[in-house]
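Visitor: Take a look at the following structure, please.
The values are calculated or read from the model by the stated rules, or taken from the named source; none is laboratory data. The shown structure was predicted, so the numbers you read here are calculated from the model rather than taken from an experiment. Counting neighbours? That spans all protein chains shown, and the Cβs are built from the backbone with ideal geometry, glycine included. Heavy atoms of the whole protein, side chains included, go into the accessibility calculation; ligands, DNA and RNA do not. Shrake-Rupley method; radii C 1.70, N 1.55, O 1.52, S 1.80 Å.
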Amino acid sequence: MYETYWKLTSRPFDDLPDPRFYFPAHSHQTALLKLRYLIEQRKGIGLIVGEHGTGKSFLPYVLEHDEKSSQNLRFIRLVIPQLDPEDLLRYFAVRLGIGGDPDQTLDGILVDLESKLVEVADSGQHVVFLVDDAHLLGDEQLNVIRLLLNLRENPRVDFTILLLGRTELLSHVSHHHGLDQRIAVRSGLSPLKATEVREYIQHRIRVAGGVDDQFHENAHQTAWELSGGIPRKINQICDLALLVGFADQLDTLGPLDLQTANEEIETVIA
């Protein structure tokens, strides 16, 4: 709606997992490096933790985009982790192209998964089972993750498990020693620093085809203060500010415009 007015080719602050908009903040680069190591070295399981909106779910999309030419990766994402243990495994099995029988036992699903994973590995694919909002996993689900991981004891089976969740995931996993001891990689995402917020906003505008930064210098500091450095919140504030600026025919956006946008967002949420 506002792209032409601001001389953009796309919307810079859409909250979509588009790897083009990835911004290499320090903690995100560290996590991405560990994620690459986890998969390239064929490690079994890793954790990435951070508060909502910091970009945990975004990182695997970035890796998948970067590595397509050099690795035959296959990501299978579970976004509803509160499934029953059997249904959790059954979901992974169905996404691999097998199973689906609602009456099949846990052991039966594991047997089928093992056979299919051997077949997938023989074809040259590396499967990454990704569980989003993994801090919501209960004891039974975490135990099933451990059982799934046991399939890697078969030398012909090759896959990786990635758990993404809030920081409390670390304490949840620590109570499951058989699983905790097998975590190969742990990484945490931090909110962006004030200097990173400025670069983040400018980066996304450039990727969206912009030449000039539509935000006044002081607005970057305001964006950081209002968002706490959380990328998702920055996107929401800046997107609405661009829309309001278009409606009001503004030339640039200052701190007051961002404050107004933030107040409107908080009013809607409340």
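Visitor: Can you list residue pairs whose Cβ atoms sit under 9 Å apart, with the first residue in region 73-95 being touching a residue at least 60 places away in the same chain (Cβ under 8 Å) and the second being open to solvent by 40 Å² or more (accessible area, probe 1.4 Å)? Count only pairs 6 or more apart in sequence or on different chains.
Guide: Sorted first by the residue in region 73-95, then by its partner, the pairs are 81/133; 81/136.
Visitor: Note down all Cβ pairs under 9 Å where the first residue falls in region 26-40 and is without any contact (Cβ under 8 Å) to a residue 24 or more places away in the chain, the second is surrounded by 14 or more Cβ atoms within 10 Å (Cβ to Cβ) and not in a helix (DSSP H, G or I), and they're at least six residues apart or on different chains.
Guide: Within 9 Å, the pairs are 33/187.
Visitor: Please verify whether region 6-16 includes one or more residues that are open to solvent by 80 Å² or more (accessible area, probe 1.4 Å), within 30 Å of residue 251 (Cβ to Cβ) and hydroxyl-bearing (Ser, Thr, Tyr). Explain how you work it out, then say what you get.
Guide: In the first step, residues of region 6-16 are kept if they are open to solvent by 80 Å² or more (accessible area, probe 1.4 Å); the result is 7, 9, 15-16.
Next, from what is left, pick out any that are within 30 Å of residue 251 (Cβ to Cβ): 7, 9, 15-16.
Keeping just the survivors that are hydroxyl-bearing (Ser, Thr, Tyr) gives 9.
Yes - at least one qualifying residue is present in region 6-16.
Visitor: How many of the residues in region 104-120 are among the small types (Gly, Ala, Ser) and either part of a loop (DSSP other than H, G, I, E, B) or at pLDDT below 95 (or both)? Talk me through it step by step, then tell me what you get.
Guide: Step one: of region 104-120, the residues among the small types (Gly, Ala, Ser) are 108, 115.
Now drop any that are not either part of a loop (DSSP other than H, G, I, E, B) or at pLDDT below 95 (or both), which leaves 108.
Qualifying residue count, region 104-120: 1.
Visitor: Additional query: What is the residue count in region 98-111 for residues that are closer than 16 Å to residue 159 by Cβ and open to solvent by 60 Å² or more (accessible area, probe 1.4 Å)?
Guide: 1
Visitor: Step by step: first the residues of region 1-57, then only those that are part of a loop (DSSP other than H, G, I, E, B) and among the aromatic types (Phe, Trp, Tyr), then the one that is nearest to residue 215 (Cα to Cα). Which residue is that? Full working, then the answer.
Guide: To start, the set of residues in region 1-57 that are part of a loop (DSSP other than H, G, I, E, B) comprises 1-18, 22-25, 41-44, 50-57.
In the following step, the residues that additionally are among the aromatic types (Phe, Trp, Tyr) were identified as 2, 5-6, 13, 22-23.
Working: 2: 15, 5: 14, 6: 11, 13: 13, 22: 20, 23: 18 Å.
Checked region 1-57; the qualifying residue nearest to residue 215 (Cα to Cα) is 6.
Visitor: Now a separate question. Give me the strands (runs of 3 or more DSSP E) completely within region 125-227, filtered to those with at least 2 residues that are out of contact with any Phe, Trp or Tyr (no Cβ under 7 Å at 6 or more places or on another chain) and surrounded by fewer than 17 Cβ atoms within 10 Å (Cβ to Cβ), ordered by residue number.
Guide: Numbers: elements: 126-131, 159-165, 183-188.
Answer list for region 125-227: 183-188.
Visitor: Filter region 228-251 down to the residues that are more than 14 Å from residue 13 (Cα to Cα) and among the small types (Gly, Ala, Ser) and list them by number.
Guide: 228, 229, 245, 247
Visitor: Continuing with the same structure: List the pairs whose first member sits in region 170-197 and is more than 17 Å from residue 42 (Cα to Cα), whose second member is assigned to a loop (DSSP other than H, G, I, E, B) and hydrophobic (A, V, I, L, M, F, W, C), and whose Cβ atoms are under 6 Å apart, counting only residues at least 6 apart or on separate chains?
Guide: 191/230; 192/25; 196/25
Visitor: Residue 92 - would you say it is assigned to a strand (DSSP E or B) and surrounded by 18 or more Cβ atoms within 10 Å (Cβ to Cβ)? Quick ask: steps written out before the conclusion?
Guide: On the way: assigned to a strand (DSSP E or B): no; surrounded by 18 or more Cβ atoms within 10 Å (Cβ to Cβ): yes.
When the stated conditions are applied, residue 92 does not pass them.
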